[in-house]
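The values are calculated or read from the model by the stated rules, or taken from the named source; none is laboratory data. The structure displayed is predicted, hence computed values, not measured ones. Every residue, glycine among them, receives a Cβ derived from its backbone with ideal geometry; neighbour counts consider all protein chains shown.
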Amino acid sequence: MSLQSVRLSSAGLVFLLSFVAYFAAISNAAIHNYTFIIEKKTVTRLCKQRIIATVNGQLPGPTIHVSNGDTVNIKAYNRAGYNATLHWHGVEQIRTGWADGPAYITQCPIPPGGHYTYRFTISGQEGTVWWHAHVSWLRATVHGAFVIYPKKGKPYPFPKPLAEIPLVIGEWWNNNPVAVIDEAVLTGGAPNISDTFTINGQPGDLLPCSSSETFRFAVKQGETYLLRLVNAALNSGHFFKITPRIYCCSCGCLLHQAIQNRCSRHLCRPDYRCSYHGQPACGQILYGRPTI
Ligand SMILES: [Cu+2]
């Protein structure tokens, strides 16, 4: 066999292997179809009813779950009465810039009654990003988490948690946020600050009219949980910590009692500042807290 034909056959082998690897990667990837209806919804927060823009009537909106390498197909229908677009915050748009979502930059806004399909492939990314509206301040209520798992068959680089909990930090205005920013633009002043911060759309149980809807999640002692944090607040950075105060512990509650009762705060002393000595006696609860 001549040297030239050996070179040709090794080049052919490299080509064949890349071809096989390419199709193996593609065959592992999935296509996820979502329908996002941008629509109005009447909700009550801080004892006041307000009509807000949402996706599918939810606040926060639906969480997107994909794996690295997958393709996402999101059909967005705009029934909110405003021009709207959706932006996939943190997602790298590789050759799909038209799916990125900033109004008047990569696309015209979707007019009321219109629709637009966002289609893109996740490439080389893992973790938690998010999505939000990208017209005016609609994103105050039109947002949600976007979870990217490792490629199929690839484990996390840490022990698998028992459960994963998206925690979306947000801001709530009693007034319409679109009116808040319109007023700021008109006057040249800073926009009015929000009336409260929220976790998963709820202001927490230290504020009126929210205690029954406060986001809570019961956990088992000794288990590991993955909190997928998103800061969807419009104008503020947030520090996040789990304080001893939110452990339901040493408050006269027995372990089995706490677990049976899903470790309700009511098992703690009235001020729920349970003494925490480094060893929570039972699970812990997460809940929204007001601005301090
Ligand atoms: Cu963004």
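Summary table
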read-out	value
Residue in the range 146-167 that is free of Cβ contacts under 8 Å to residues at least 40 places away in the same chain, more than 21 Å from residue 76 (Cβ to Cβ) and not in a loop (DSSP other than H, G, I, E, B) present	no
Matching residues in the range 37-50 - criterion: being exposed (fewer than 14 other Cβ atoms within 10 Å of the Cβ) and either within 23 Å of residue 93 (Cβ to Cβ) or touching a residue at least 60 places away in the same chain (Cβ under 8 Å) (or both)	44, 47, 48
Options 143, 89, 115: the member that is over 15 Å from residue 33 (Cβ atoms) and either surrounded by 21 or more Cβ atoms within 10 Å (Cβ to Cβ) or away from the ligand (no atom under 16 Å from the Cβ) (or both)	143
Among the residues listed as 127, 97, the single one being modelled with pLDDT under 95, assigned by TED's automatic domain parsing to the domain that holds residue 73 and either of a type outside the set (Ser, Thr, Tyr) or more than 16 Å from the ligand (Cβ to nearest atom) (or both)	127
Extreme residue, nearest to residue 54 (Cα to Cα), among residues of the range 170-201 that are among the polar types (S, T, N, Q) and assigned to a strand (DSSP E or B)	198
Residue within the range 213-231 that is outside any strand (DSSP E or B) and either in contact with a helix residue (DSSP H, G or I) (Cβ under 7 Å, 6 or more places away or on another chain) or within 20 Å of residue 135 (Cα to Cα) (or both) present	no
